[in-house]
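Below: one structure, written as structure tokens.
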Amino acid sequence: MKISAVLVLIGANVAVYLVQLSTNHQLEFSLALWPLQALEGHVYFRPWQVITYSFLHDPDNKFHLLFNMLQLWMVGAELERNVGSARLLACYFASVVTAALAQLIVPFVIAGPTGPTLGASGGVFGLLLAYAMMFPNRKVVLLILPIPMPAWLFAVILATLELVLGVTGTFSGIAHFAHLGGLVGAALVVMQWRASARKTR
């Protein structure tokens, strides 16, 4: 039986979250995405954090994990059925990495607030954009606003909202630039898929 990449990702995130709960925030020191600049005279950033941060979630907020995993399942399952497990994972982790790069670079350049970043939302946002690019007219429903809308419109609203919130500093505890970076990674991957498809025709 074929193993679902989406279920593997969800299982890995839940497993890491349970470890977080039992280790009193110790994993965050080495696996969360820390800024490039020094904090209290020490640089906590390590290269592997551009991947590992995506498996961590806020131990004090179970909805952080729940919301991300629900979105991952809702969007990722259909994407995986259409593009396969390998491409799904490629898109997800490309989004995770570009989200991390955005979160490292943009606050550094604009002297924004510093602190560790954690969560799968960069990868999830990327999959949301990939879904919108592949199924632009498919109806989707926001959890916080239960109004059906085309996937392309949802993606436009999402990107615009994240840009405005990031630039204005609204909800500063949320990594808005990481979310935007995740969208960029997915866009690049889907464009590469389309370019490859044109070459094989």
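The values are calculated or read from the model by the stated rules, or taken from the named source; none is laboratory data. Small disclaimer: the values here were computed from a predicted structure and weren't measured. As a convention, Cβ positions derive from the backbone with ideal geometry for all residues, glycine included, and neighbour counts pool all protein chains shown. Calculation scope for accessible area: heavy atoms of the full protein, side chains included, ligands and nucleic acids excluded. Shrake-Rupley method; radii C 1.70, N 1.55, O 1.52, S 1.80 Å.
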Original post:
From the list 74, 69, which one is free of Cβ contacts under 8 Å to residues at least 40 places away in the same chain and surrounded by 16 or more Cβ atoms within 10 Å (Cβ to Cβ)?
Top reply: 74
Original post:
Inside the range 1-20, can you point out the residues that are open to solvent by less than 80 Å² (accessible area, probe 1.4 Å) and either more than 19 Å from the chain's Cα centre (by Cα) or of a type outside the set (Val, Ile, Thr) (or both)?
Top reply: 4, 5, 9, 11, 12, 13, 15, 17, 19, 20
Original post:
Of all residues in the range 32-50, which are in contact with a helix residue (DSSP H, G or I) (Cβ under 7 Å, 6 or more places away or on another chain), among the aliphatic types (A, V, I, L, M) and without any contact (Cβ under 8 Å) to a residue 60 or more places away in the chain?
Top reply: 50
Subject >> Members of the range 21-54 found to be within 21 Å of residue 125 (Cα to Cα), open to solvent by 40 Å² or more (accessible area, probe 1.4 Å) and either among the charged types (D, E, K, R) or in a helix (DSSP H, G or I) (or both), listed by number >> reply: 31, 51
**OP:** Consider only pairs whose beta carbons are under 9 Å apart and that are at least six residues apart or on different chains; among these, list those whose first residue lies in the range 118-130 and is in a loop (DSSP other than H, G, I, E, B) and whose second residue is crowded, with 24+ Cβ neighbours inside 10 Å and among the small types (Gly, Ala, Ser).
**Re:** 118/54; 118/175; 119/54; 119/175; 119/178; 120/54
**OP:** Please enumerate the residues belonging to the range 95-111 that are open to solvent by 30 Å² or more (accessible area, probe 1.4 Å) and either within 30 Å of residue 22 (Cβ to Cβ) or in a helix (DSSP H, G or I) (or both).
**Re:** 97, 98, 101, 103, 105, 106, 108, 109, 110
**OP:** Answer yes or no as to whether residue 82 is open to solvent by 20 Å² or more (accessible area, probe 1.4 Å), over 23 Å from residue 149 (Cβ atoms) and of a type in the set (S, T, N, Q).
**Re:** no
**OP:** Could you identify the single residue in 57, 64 that is over 13 Å from residue 182 (Cα atoms), assigned to a helix (DSSP H, G or I) and touching a His at 6+ places or on another chain (Cβ under 8 Å)?
**Re:** 64
**OP:** With respect to residue 54, determine if the residue is at pLDDT 90 or above, within 29 Å of residue 135 (Cβ to Cβ) and of a type in the set (Ser, Thr, Tyr).
**Re:** yes
**OP:** Check the range 132-144 and report whether any residue there is open to solvent by less than 30 Å² (accessible area, probe 1.4 Å), part of a helix (DSSP H, G or I) and at pLDDT 85 or above.
**Re:** yes
